[in-house]
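Visitor: Here's a structure for you.
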Amino acid sequence: MNAPTDPKLLERSAALQGMGDSRLRKEDARFIQGKGNYVDDIKMPGMLHMDIVRSPLAHARIKSIDKSEALKVPGVIAVLTAEDLKPLKLHWMPTLAGDVAAVLADGKVHFQMQEVAVVIAEDRYAAADGVEAVLVDYEELEPVIDPYAALAPDAPVIREDLVGKTVGAHGPREHHNHIFTWDAGDKAAADAAFAVAPVTVTQRIHYPRVHPCPLETCGCVASFDPVRGDLTTYITSQAPHVVRTVVSMLSGIPESKVRIVSPDIGGGFGNKVGIYPGYVCAIVSSIVLGKPVKWVEDRIENISSTAFARDYHMDGELAATPDGRITALRVNVIADHGAFDACADPTKFPAGLFHICSGSYDIPAAHASVKGVYTNKAPGGVAYRCSFRVTEAVYLVERMVDVLAQKLGIDKAEIRSKNFIRKEQFPYTSAFGFEYDSGDYQLALDKVLNAVDYKALRAEQAARRADPNSPTLMGIGLVTFTEVVGAGPSKMCDILGVGMFDSCEIRVHPTGSAIARMGTITQGQGHQTTYAQIIATELGIPSEVIQVEEGDTSTAPYGLGTYGSRSTPVAGAAIAMASRKIFAKARKIAAHLLEVGENDLDWEIDRFNVKGDDSRYKTMKDIAWASYNSPPPGLEPGLEAVHYYDPPNFTYPFGIYLAVVDIDRATGETHVRRFYALDDCGTRINPMIIEGQIHGGLTEGYAVAMGQQMPFDAQGNLLGNTLMDYFLPTAVETPHWETDHTVTPSPHHPLGAKGVAESPHVGSIPTFTSAVVDAFAHLGVTNMTMPHSSYRVWQQLKASGVNL
Ligand code: PCD
Ligand SMILES: [Cu+]
C-alpha cells in the first residue's frame, strides 16, 4: 500500500490511528487513575491467606518441623509441609528446564529463603504470626557458593535426590554438582583457526547475578470450586496458557476445567515466566480446603527466592589478523544455576540463545560451551529483559571485541566496522547456524558516529588524558549489537513439548467495531494500544473501536505468552494473518454488494472502491453489517477469524549504542554525560511506545551495569535483598537518553516488524562497561566487572594510580 498524499485520504488514514501512529496508550486512562486491577486487588468471598516459612540457612538438613504452636495461633487454619504434599505427589515439581524443584523442602534445604512450610489463615496477619510460630530444627551442612568450587571432586553433594543419576535432561552429568554441558559451533574449525592465528586475546568475564525486580511481586489467588470441580487462578504470569497446561498435568484436573487469568501485571521482566512453589501451594491449599487462597510475596521474598538472572562466568578468546579481522571465537562458560535447574528457556536450549555470541560480526569459525552447575543459591536463570541468555552473549562478544581493539591499537568503531556482516550478506548464516534475517549495520554506525561527532569526542579524550590535572577521566563506550528474538519456530522451540507459536482471534461486530484476543499478555508494554493499530491498518477499522484482550485462558486462543520480545514477532504476525483472513472474506462481500468481480475492487485505507469509479465503494463498516445481514449466497455469515502463527525464523533486531562518561578521580563517581541509542526493529508500529520501551530498557541496563548485584557471603546469605541495597534507579539517578532509529524490515515477518523491548537492555549494559573501561584503557585496563559502583571504580582509580 502506498502512503496517500491527497489530504482527504490522509485524514481518513489518520483517523484510523494505525501502524506508524504515535497513538497514546489506551491502558493509561485506567492506570493513571489508580484503576488497575492487579492480583493483590482481587478479593473473593471466604478468601484465605497463605504465608511461607522459609529457611534461614543455605544448606541444611531438616531434623523436624513442629506445627503445633502455629496451629494454636488464632485464625490459623492449616500448616502444610512436604509430608502433607507427598500423598499428592506434589512435594517436588518439574521445572521448565527438565529438572525437578522442591515445592516444599523435603528433608533438606538447598538455599537461603527456600520454602519449607506454608501457613493458611483467615487473614494475612494471622498467616504471618503462624509462620513465626512454626519451629524447624535444622542441622547445618557446608554450603557451596562458588560454582568452580562446586565442581571440585570432594565438593559437598547439593542434590542428594540426584545421586547416581549420570544423565540429566540435557545429556551426561560428569559430577554430582554438574547439570549439563551444552556445545554449539564447530570446535575443530575454531581450534584450527586459533592454531594459526597471528593474534589472539583472552579475557575472563563475569556477568554477575542480578534480579529482574518488577515493582509488583509475584502472587496468585487460587479458587477451587468443590461443587463444580473447576479451578480458577488469578496469577502474575507472563504465560497463562502454559500455566494452565502445567497445572492440569500436575493436578490431574482436566485442562478444560482449569482457568488461568493474568490480570494487570506490574512488570514482568522475565521474573513471572516460571511456576513458583507459592503458586502450587496456594492451589493445593484451595483444593484441600475448598476455599479461595491468596498468596502474595513481599519484596524480600521476591528478590531472594524467585528467579534471578545471569551469573555467567565466561572465558572468551578471539583469534584475529594483525589488522583486526576476527578469524575465530571460542568461549567456555560456567553457569551458576543455583540449587534447581529452573531456567526459563525453550526446552531444547539449556543455555538459551547464547549462540548469538558471534554478534554482528562475520566470524568464520566459532565454538561455545556452557556448563551448568548447582550451587546453594536460589534457582532461576531467567531472561531478564533479554531473549534467553542473549544479554550474556552480547556482553561477551562486545567485551571481547573491545579487548582485541585495545591489544591491536585499533579504534573501537573501526574494528567493528571491519568485521560487520555486510548488508549484502543477509540472510546470513552464522558459524553457530543462526540465519540472521536482515540488517544494515554500517549505515546505522555511520549515523551514530556523525550524530555525536565521534572524532571530536576522541580528540577531547586525548586532550583530557594529556592533562595530569584533569579532575575526571573520560571514557567512550561503543556497542554494535544484534539480538535474536521472537521464539520461535516450533521446529526449534518448544516449552514442555508445546511449540512456541502464537495466536490471534478477531471478531468484527455488526456495527463495525471489533474485539481481538491473543495468547500473549501485556505487563506494561502497551499491547492494547499497539495490537489495535495493526488491525486498524490491515482492516480499515479505527483503533479506537478495537478492543484488545489478553491473559484469560477461558477466552484467549492458546499462546505461549510474552517474554523474549516475542509478542511482535510472533503474535504481531498472527494478528496480521488473522486480519488478512477477514480481509479476504470482506472482499468477497464487497464484490457481492457492489455487483462486480473481486478483481474489480481496489482497497483504499478503509474501503473497497470499484476500479476506476471511487464513487462506488463499500467501507469495512458497511461490509461488517452486510456480513451479518446479507452475506453472498454460499458464504457463512459473520466476520471473524483465528490464526495460529508459527514463525519461519527468529527476527534479528540490532542497535548501535554510544556512551560518554566522566569519572571523578577523587570519588570514582561515574557521570553519564551522553547516551545515544540507535535501534532498528524493522517496521515500527508505535514510535512513541518504542521510545518508551527503549527508555525503560536503557534505565534497567543502567541499573545492572552501575549498581545491581546479588552478593552472597561464604555461608550463602544473600547480602542485600531489599530496595535499600538493591539498586533500582529513580529519575534522580537516571541519565538523559537520546534515541534514534533506522528501519530494516524483516523479510519473513508479514509486517516486517522485529521485537524491540529487550534491545535497549541487551545493548546498553556492555556499552556502560565499554565506557567505564575506556576511561582506563590508556592505563592498560582491559576489563572491569559490573556493577561499576563508585566504590569499585574508586578501587580501580587507586589500583591504576590515578586517584586524586
Ligand atoms: N517493531 C515494533 C516492535 C514493538 N513495538 C511495540 O513495543 C512493545 C514491545 O514489543 P516487543 O519487543 O515485541 O516485546 P513484547 O513481547 O511485547 O514484550 C516483552 C518485553 O517487554 C519489555 N518491556 C516491558 N515494559 C513494561 N512496561 N513492563 C515490562 O514488564 C516489560 N518487560 C520487558 C521484557 S523483559 Mo523478558 O520477560 O525478561 O524475556 S521480554 C520483555 C509492544 O507494545 C509493541 O507493540 C512496536 O511498536 N514496533
Ligand atoms: Cu537472558
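Visitor: Assuming 0.36 nm per residue, please report the length gained on full extension of the stretch residue 736 to residue 790 beyond their Cα-Cα distance. Display every interim value, and only then the final one.
Guide: Values: separation 54, 0.36 × 54 = 19.44 nm, distance 1.92 nm.
Gain on extension, residue 736 to residue 790, equals 17.5 nm.
Visitor: Stick to Cα atoms and the Kirkwood definition of Rh, then tell me Rg/Rh for segment 712-804.
Guide: On the way: Rg = 18.8 Å, Rh = 17.2 Å.
Reported Rg/Rh, Kirkwood definition of Rh: 1.10.
Visitor: For a 19 Å ceiling on Cα separation, which of these pairs sit above it: 348/371; 585/618; 581/754; 588/621; 67/89; 108/371?
Guide: Details: 348/371 15 Å; 585/618 13 Å; 581/754 22 Å; 588/621 14 Å; 67/89 21 Å; 108/371 25 Å.
Table pairs above 19 Å Cα-Cα are 581/754; 67/89; 108/371.
Visitor: Right, next: Measure of size requested: the Rg and Dmax of segment 211-341, with Cα atoms as the atom set and Å as the unit; please supply both.
Guide: In order Rg, Dmax, the Cα atoms of segment 211-341 give 20.5, 76 Å.
Visitor: Taking each pair of different alpha-carbon atoms in segment 495-563 once, compute 1/r for the pair, average those values, and report the inverse of that mean as the Kirkwood hydrodynamic radius in Å to one decimal.
Guide: On the way: mean 1/r = 0.0797 Å⁻¹.
In segment 495-563 this quantity evaluates to 12.6 Å.
Visitor: What is the extension gain from residue 11 to residue 183, computed as 0.36 nm multiplied by their sequence separation minus the C-alpha to C-alpha distance, in nm to one decimal?
Guide: Values: separation 172, 0.36 × 172 = 61.92 nm, distance 5.54 nm.
Stretched fully, the residue 11-residue 183 segment lengthens by 56.4 nm.
Visitor: Provide the packing ranking of 313-326, 267-280, i.e. peptides ordered by the mean count of other C-beta atoms within 10 Å per residue, highest first.
Guide: On the way: 313-326: 20.0, 267-280: 25.7.
Those peptides, ordered most packed to least, come out 267-280, 313-326.
Visitor: Classify segment 90-141 as rounded, prolate or oblate, taking a ≥ b ≥ c as the square roots of the eigenvalues of its Cα gyration tensor: rounded when a/c is under 1.5, otherwise prolate if a/b is larger than b/c and oblate if not.
Guide: Values: a/c = 2.97, a/b = 1.48, b/c = 2.00.
Oblate, since a/c reaches 1.5 and b/c is not below a/b.
Visitor: Same structure, new question: Given a Förster distance of 60 angstrom, what is the FRET efficiency for residue 142 paired with residue 490, based on the Cβ-Cβ distance and rounded to 0.05?
Guide: Working: r = 44 Å, r/R0 = 0.74.
Efficiency at R0 = 60 Å is approximately 0.85.
Visitor: Roughly how many nanometres apart are two label points built 7 Å out from the Cα toward the Cβ at residue 191 and residue 123?
Guide: For the pair residue 191/residue 123, the computed spacing is 6.9 nm.
Visitor: Once both labels are modelled 7 Å past Cα along the beta-carbon direction, what's the residue 215-residue 71 spacing in nm?
Guide: So the two model labels end up 4.3 nm from each other.
Visitor: What is the extension gain from residue 451 to residue 600, computed as 0.36 nm multiplied by their sequence separation minus the C-alpha to C-alpha distance, in nm to one decimal? Don't jump to the answer; show the numbers that get you there.
Guide: Values: separation 149, 0.36 × 149 = 53.64 nm, distance 4.89 nm.
Between residue 451 and residue 600, full extension yields 48.7 nm more.
Visitor: Bin width 10 Å, origin at 0, all Cα-Cα pairs of segment 282-428: what percent of pairs per bin?
Guide: Once binned at 10 Å, the Cα pair distances of segment 282-428 give 10, 31, 26, 17, 8, 5, 2, 0.
Visitor: Moving to a separate point now. Considering only DSSP beta bridges with both partners in the chain, what is the antiparallel share in %, to the nearest 5? List each step's numbers first, then the result.
Guide: Numbers: 110 of 136 bridges.
DSSP beta bridges in the chain are roughly 80 percent antiparallel.
Visitor: Percent of Cα-Cα pairs more than 14 Å apart in segment 425-483, please. If you can, show how the numbers build up before the last one.
Guide: Working: 1165 of 1711 pairs.
Cα-Cα pairs of segment 425-483 separated by over 14 Å account for 68 percent.
Visitor: Probe radius 1.4 Å, ligands and nucleic acids ignored: give me the carbon and sulfur share of the accessible area of the chain as a rounded percent. Each step should come with its number before you reach the end.
Guide: Details: 15660 of 28740 Å².
Ligands and nucleic acids excluded, carbon and sulfur reach 55 percent.
Visitor: While we're here: Accessible area per residue, 1.4 Å probe, Å², for the chain: what's the number? Please report the intermediate quantities before stating the final value.
Guide: Numbers: 28740 Å² over 804 residues.
That works out to 36 Å² for each residue.
Visitor: So if I restrict to the alpha-carbon atoms in the chain, what is the Rg, and what is Dmax, the biggest pairwise distance, in Å?
Guide: Here Rg and the maximum Cα pair distance are 27.7, 87 Å.
Visitor: Further question: Collect residues whose amide H, placed 1.01 Å from N in the peptide plane, falls under 5 Å from the amide H of residue 386; neighbours closer than 5 in sequence don't count.
Guide: Residues meeting the criterion, in which the H sits 1.01 Å from N, are 564.
Visitor: Counting helices only, and only those DSSP H runs with n ≥ 4, report the 222 nm mean residue ellipticity of the chain as the sum of -39,500 (n - 2.57) divided by its residues, in deg cm²/dmol to the nearest 500.
Guide: Working: 20 runs with 223 residues, N = 804.
One gets -8500 deg cm²/dmol as the mean residue ellipticity at 222 nm.
Visitor: Continuing with the same structure: Need the C-alpha centroid separation for segment 311-378 versus segment 711-743, integer Å.
Guide: 24
Visitor: R0 = 30 Å: FRET efficiency of residue 688 with residue 425, Cβ-based, nearest 0.05? All intermediate terms of the calculation are to be shown ahead of the outcome.
Guide: Working: r = 33 Å, r/R0 = 1.11.
Here the calculated transfer efficiency is 0.35.
Visitor: So if R0 is 41 Å, what FRET efficiency would residue 348 and residue 202 give, r being the distance between their Cβ atoms, rounded to the nearest 0.05? Numbers along the way, then the final one.
Guide: Values: r = 30 Å, r/R0 = 0.73.
That gives a FRET efficiency of 0.85.
Visitor: I've got another one for you. Go from 0 up to the bin containing the longest alpha carbon distance in segment 440-537, width 5 Å each, and give me the % of pairs per bin.
Guide: Once binned at 5 Å, the Cα pair distances of segment 440-537 give 2, 8, 11, 11, 9, 10, 10, 8, 8, 8, 6, 4, 2, 1, 0, 0.
Visitor: Here's another thing I want to ask about it. Please list, short to long, the whole-number percent of alpha-carbon pairs of segment 609-750 in consecutive 5 angstrom bins beginning at zero.
Guide: Using 5 Å bins, I get a P(r) of 2, 7, 10, 11, 10, 10, 10, 10, 8, 6, 5, 5, 4, 3, 2, 1, 0 for segment 609-750.
Visitor: Then there is this: Could you list the residues of segment 247-279 with an amide nitrogen less than 16 Å from a label point located 7 Å from the Cα of residue 554 in the Cα-to-C-beta direction?
Guide: 254-264
Visitor: Where in segment 275-296 is the amide nitrogen less than 15 Å from a point lying 7 Å along the Cα-to-Cβ axis of residue 161?
Guide: Only 275-278, 280-281 pass the distance filter.
Visitor: Hand me the trypsin sites (Lys or Arg not before Pro) from segment 346-427 located in a DSSP loop with no more than 15 other Cβ atoms within 10 Å, in residue order please. If you can, show how the numbers build up before the last one.
Guide: Values: sites: 348, 371, 377, 385, 389, 399, 407, 412, 416, 418, 422, 423; in loops: 348, 377, 385, 389, 422.
Hits after loop and neighbour filter: 348, 422.
The values are calculated or read from the model by the stated rules, or taken from the named source; none is laboratory data. Worth saying up front: this structure is predicted, and the values here are computed from it rather than measured. Using ideal geometry, Cβ is built from the backbone for each residue, glycine included, and neighbour counts are taken over all protein chains shown. Quick note on the areas: whole protein, heavy atoms, side chains included, nothing else; ligands and nucleic acids left out. Shrake-Rupley method; radii C 1.70, N 1.55, O 1.52, S 1.80 Å.
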